[in-house]
Amino acid sequence: MRHRDFTAFILPSALAMLLFIALPIVSVAVQSLFVEHEQVLVTVENCGPFGCQEETKVDPDATAALKEAEPLGRFNGLGTYLNRAHLAVTEVGEILSDNDGIGDVISRIYNLPFYKALSFTLVYTFLVTPLSMIAGFAVALGVNSIPRMFKGPVIFLSLLPYIVTPLLGSLILFWMINSDGVIGATLQWIFNDPELSLKASPGLTWITLIVYGTWHMTPFAFVVFYAGLQTLPQDTLESAMIDGANRWERIRYVVIPHLVPLATFVGLVLLMDNFRVFEPIIGFSAEANATSLSWSIYNDLNGSVNQLFGSAAATSILTMLGVIVLLMPVLIRTWREFNRKAR
Amino acid sequence: MNTQLGHSRTLAITSGLILLVWLIVAAFPFFWTVWGSFKVQADFFSRESFWNAIFGPATQRQTGGAFTLDGYEGAWIEREFYHSVWNTVIVTVCVTSISLLFGTLGGYALSRSTRKYTFWILIAALVFRAMPHITLVSGYLLPFFELNIWGYLPTAIIVLVAINQPFTIWMLHSFFMSIPKDLDESAMVDGCTRFQAFRWAIMPVMWPGVITTGLFSFLLAYNDFAVTAMLLNQDNQTMVPKINSFLGTVQTEGTIMYAVAATVSATVPLFILVMFFQRQIVSGLTAGAVKG
């Protein structure tokens, strides 16, 4: 294909990505170096019947004018990255130099907002990914062994948790686990504890969110593994059977090796999607006990008084770095393969 | 299929049981909520017994019938949910068609060029695909405020198209790879330009791939919360952010059934979509995996 044709064909798509993905990343990087203006203070002398008093107050007009003139805010360098709401360098230093053992260090660092969000995001990502892959594999094996006429409806029902809007799916489950909802009320009855609430403790909230994540992602793993099972090498399976391998051994030595490449793909997609966990925290109103990186950005941007663009941008950049780290093994592998092909 | 993986009775029963549990876990919440959305709050959120949500004694008492449309009436008419439904229609139709237009051209070009830069474009798209949407949103807000384009539907549409592009060109790239090159090359030998070859040789055979990709573009636009919640003003909100803004008020006013009804209204179209396009969705989900 000639360069000119290639450019003409790719232009709309490339332009859209450049303008609305690449440029915003640059914009985020710039914004993260700035911080909101402080309010302009004026000192006025208030003279009343009891003498004069100096008073300091906010000058709203001047503040607005300053915001108008420099919408980005004032330059702050890396200040936002290092402050208490993000990497909290000073606080972490203090905790490390003065603490009562490892447990104390962990609990105090966990109380810093950025580390709290980071730890939930990582735990969620690295639990939901393998759990939904295992569940998806089990379901795929199950669907593979049922009569053909049931397969269509079974696949239809299995797809629902994945296709449904994440926010709405989590709301549906949230209403059910509510203490008035069917699951919440039943759990209270089983454990005979009318106070039991899945929203009350951080531990239970985390478990709820992880169960939701697994429920939401299992269909994806299931569909890919199920498609893989359709292309199983029949003669290998037969020869394994002749060699006396039982069902379990055939799964272990024939089916699983066949599915490993698919598992890498599923794992990669799940890692990318789970790392951005955000809607379930809103749907389950879990922000008191569990926050994620995406949720902190949303929270900064959605501020009721003023939007903290600098703070949101700094968290965004840190999140993007996290994504790059997650993708690194894949990128390196693709690069090697490409070079091998090129040579 | 039993012949392939053996006939062990215990294993068959175990895997059947796992499947049964999964089906209940996967589908029960939806049926429960659809059923419950026709009841009053005292039944759907009943402390005493969940049988109330099934038989609806309070619904009988309050409305005189076993089912009530009160929730739907409140959401659609009183809270003007139809307005957000219309916005969602505009957004999804525009996003899907524009994404496909850009994506087919781009995906075709990437599949036919053998140069090094195609690799870099695909890798950049993969990285862009992994970026959480909300991080990009934090980059849009300030420039959009300055340009005075924040809050309007076209802004959200073009942003969703762009966010959609990485996935779309990956998927269509691998789809066009499966169409033999001879097809358009022989057209070019016959004197067609590259675009004419695309128009007359490729376009007639590309629809299966385009429909599959279009379904996923549709789902992305329909399911999005981060972009539409942050970039649209109150009047232009689509369904998902609208339901989220319901939640703030319904809790205090005791009109939570409005939110339940709105949620069901927004979920049912997806059921119908899966019912009709199950085959395409399954093949789309596996497309990336099989071709690496």
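General observations
- Taken over the stretch B:85-103, the criterion of being surrounded by fewer than 23 Cβ atoms within 10 Å (Cβ to Cβ) and away from chain A (no Cβ under 14 Å) is satisfied by B:Trp86, B:Asn87, B:Val89, B:Ile90, B:Val93.
- Residue among A:Leu198, A:Leu209 that alone is assigned to a loop (DSSP other than H, G, I, E, B), under 29 Å from A:Ser292 (Cα atoms) and in contact (Cβ under 8 Å) with a residue 12 or more places away in the chain: A:Leu198
- Residues in the stretch A:313-343 that are over 30 Å from B:Arg115 (Cα atoms) and either within 7 Å of another protein chain (Cβ to nearest Cβ) or aromatic (Phe, Trp, Tyr) (or both) were compared, and the one that is farthest from the chain's Cα centre (by Cα) is A:Ala313.
- Residues of the stretch B:56-87 classified as of a type in the set (Lys, Arg) and in a helix (DSSP H, G or I), total: 1
- For the stretch B:1-10, taking the residues that are at pLDDT below 75 and assigned to a helix (DSSP H, G or I), the one that is farthest from A:Phe137 (Cα to Cα) is identified as B:Thr3.
- Any chance A:Gly51 is within 27 Å of the chain's Cα centre (by Cα) and not basic (Lys, Arg): no
- Whichever residue in the stretch A:255-289 is of a type in the set (D, E, K, R) and in a helix (DSSP H, G or I) and, among such residues, is nearest to A:Ala227 (Cα to Cα): A:Asp273
- Residue satisfying condition, being more than 11 Å from every other protein chain (Cβ to nearest Cβ), hydrophobic (A, V, I, L, M, F, W, C), crowded, with 17+ Cβ neighbours inside 10 Å and touching a residue at least 24 places away in the same chain (Cβ under 8 Å), within set A:Val28, A:Val35: A:Val35
- Residues of the stretch B:20-35 satisfying the condition of being surrounded by 15 or more Cβ atoms within 10 Å (Cβ to Cβ) and more than 7 Å from chain A (Cβ to nearest Cβ): B:Val34, B:Trp35
- From B:Ile121, B:Ile149, residue being more than 10 Å from chain A (Cβ to nearest Cβ) and among the β-branched types (Val, Ile, Thr): B:Ile149
- A:Met272 vs. criteria facing chain B (nearest Cβ under 7 Å), out of contact with any Asp or Glu (no Cβ under 9 Å at 6 or more places or on another chain), among the hydrophobic types (A, V, I, L, M, F, W, C) and at negative phi: yes
- The set of residues in the stretch A:301-324 that are β-branched (Val, Ile, Thr) and surrounded by 10 or more Cβ atoms within 10 Å (Cβ to Cβ) comprises A:Thr315, A:Ile317, A:Thr319, A:Val323, A:Ile324.
- All positions within the stretch A:229-254 that are at the interface with another protein chain (Cβ under 9 Å from one of its Cβ atoms), part of a helix (DSSP H, G or I), without any contact (Cβ under 8 Å) to a residue 60 or more places away in the chain and not aromatic (Phe, Trp, Tyr): A:Gln234, A:Leu237, A:Glu238, A:Met241, A:Arg247, A:Arg250
- Of all residues in the stretch A:293-312, those satisfying the criterion of being facing chain B (nearest Cβ under 9 Å) and outside any helix (DSSP H, G or I) are A:Asn302, A:Gln307.
- Test result for B:Thr118, β-branched (Val, Ile, Thr), free of Cβ contacts under 8 Å to residues at least 24 places away in the same chain and closer than 15 Å to A:Leu23 by Cα: no
- Scanning the stretch A:3-25 for residues that are β-branched (Val, Ile, Thr) and at the interface with chain B (Cβ under 8 Å from one of its Cβ atoms) yields A:Ile10, A:Ile21, A:Ile25.
- B:Ala156 under 18 Å from the mean Cα position of the chain (by Cα), buried (at least 19 other Cβ atoms within 10 Å of the Cβ), closer than 22 Å to B:Thr213 by Cβ and not acidic (Asp, Glu): yes
- Among the residues of the stretch B:158-190, those that are among the β-branched types (Val, Ile, Thr) and farther than 20 Å from A:Phe265 by Cα comprise B:Ile158, B:Val159, B:Val161, B:Ile163, B:Ile179, B:Val189.
- Subset of the stretch A:185-226 [basic (Lys, Arg) and facing another protein chain (nearest Cβ under 9 Å)]: none
- Filtering B:Arg129, B:Arg112 for residues that are of a type in the set (D, E, K, R) and buried (at least 22 other Cβ atoms within 10 Å of the Cβ) leaves a single hit, B:Arg112.
- Filtered residues of the stretch A:181-207 (kept if of a type in the set (Ser, Thr, Tyr), under 23 Å from B:Val260 (Cα atoms) and surrounded by fewer than 22 Cβ atoms within 10 Å (Cβ to Cβ)): A:Thr186, A:Ser197
- Listed by position, the helices (runs of 4 or more DSSP H) inside the stretch B:168-263 whose residues that are under 21 Å from the mean Cα position of the chain (by Cα) and either in contact (Cβ under 8 Å) with a residue 60 or more places away in the chain or surrounded by 13 or more Cβ atoms within 10 Å (Cβ to Cβ) (or both) number at least 2 are B:207-223, B:226-231, B:239-253.
The values are calculated or read from the model by the stated rules, or taken from the named source; none is laboratory data. Since this is a predicted model, take the numbers as computed values, not measurements. Positions of Cβ are backbone-derived with ideal geometry, glycine not excepted, and every protein chain shown enters the neighbour counts.
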